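Encoded as structure tokens, the structure appears first; notes follow it.
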Amino acid sequence: MKSSFNLKRFLFVNIGVILVAVGLHFFLVPNSLAVGGTSGLSIEINHLFPFIPVPYILTALNTILVVIGFIFIGADFGFYTVYASISLGVFLRILEVIVPLSGSIVEGDIFINLIFGIFIQAVGIGIVVNQGASTGGTDIVAKIVETYTRFSFGQGLIMSDGVVTVLAALLYGPKLGMYALLGAFINSTVIDRMIAGFDTKYHITIVTKKVEEINQFILVDLYRGSTLYEAKGGYQKEDRTIIVTVVNKSDYVKLKEFIRKTDKDAFMYVSNVTEVEGYGFTYE
């Protein structure tokens, strides 16, 4: 797989990694909330060996899994994931130095810390994964599961994080263990929603008298495919041609505006598509 540097992708990866580090430093680590991933495993190892800082443990674990991801997913994923994995440890260490914490910023409320920590971290992971990379750790395992099975990324994350949450229950007791399990579920759910939101596609059905104009706009201007169906109106029994197409968010806006200008009497209904496979979407 060809690897090339893309500034926009690089910036988004950094934004995502910083959000993950913020969620860990301010909310999860101070409360021993090992909600899965190598970050959770690093918190648990730090509990057993307090003299080893969490960022160092995290970097070491991520390095091992990065090698596995590089082998199974490819060089492009490996390049950005190597950077994200290393920079996560670096950003986390920077936060420890710049904003040292002696305890939780929200004392006495583990649930609030869990919700805010998980949400911020999950948004960050979602941004990174949407760029075709990973923050390392069990994200890589989940990405491999998504690539080679029919499970989603979030479902793969639940499976791979299960071991970490069980270990949390053994180390910190059933209460924190249950919080960790809840956190892993919320984490995977938010990540799936984030990824779906970034990659939203629309299934559009159009009934119009301007079939040729609108169909040509889809084929030529948007460079998307379309399917034409012959149908009959239920009320007037007129023969009609129906256009069906699938487009991304930006193309949907362009198509909607074009239809409004071309045929004000056109009838169109739209539905969200969770996954699209094929030419123009998953490959060129």
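The values are calculated or read from the model by the stated rules, or taken from the named source; none is laboratory data. If you're wondering where the values come from, they're calculated on a predicted model, not measured in any experiment. Note: areas computed on protein heavy atoms with side chains; ligands, DNA, RNA excluded. Shrake-Rupley method; radii C 1.70, N 1.55, O 1.52, S 1.80 Å.
Over the C-alpha atoms of the stretch 56-161, the Rg to Rh ratio, Rh being the Kirkwood estimate, stands at 1.01.
Could you provide, to the nearest whole Å², the per residue accessible area of the chain with probe 1.4 Å?
Numbers: 15270 Å² over 284 residues.
That works out to 54 Å² per residue.
Considering helices alone, the calculated mean residue ellipticity of the chain at 222 nm is -20000 deg cm²/dmol, with DSSP H runs of length four and up weighted by -39500 (n - 2.57) and normalised per residue. Counting only alpha carbon atoms, the long axis of helix 110-130 and the longest principal axis of the chain meet at about 50°. Cα convex hull of the stretch 67-121: mean projected area in nm², to one decimal? Seen from a random direction, the Cα hull of the stretch 67-121 projects 5.2 nm² on average. For the stretch 129-284, the spread of Cα coordinates along the three principal axes comes to 70, 35, 25 Å, biggest extent given first. The base-10 log of I(q)/I(0) for the stretch 108-158, evaluated at q = 0.16, 0.29 Å⁻¹, reads -0.50, -1.07 [Debye formula, identical scatterers on Cα atoms, solvent excluded]. The long axis of helix 249-262 is offset from the longest Cα principal axis of the chain by roughly 20 degrees. When D265, D139, D192 are compared by accessible area at a 1.4 angstrom probe, the order from most to least is D265, D192, D139.
Here the accessible area is traced with a 1.4 Å probe on the protein chains. For the stretch 34-136, carbon and sulfur cover 76 percent of it.
Over the C-alpha atoms of the chain, the Rg to Rh ratio, Rh being the Kirkwood estimate, stands at 1.11.
Counting protein heavy atoms only, the stretch 137-284 has 57 percent of its accessible area on carbon and sulfur, 1.4 angstrom probe.
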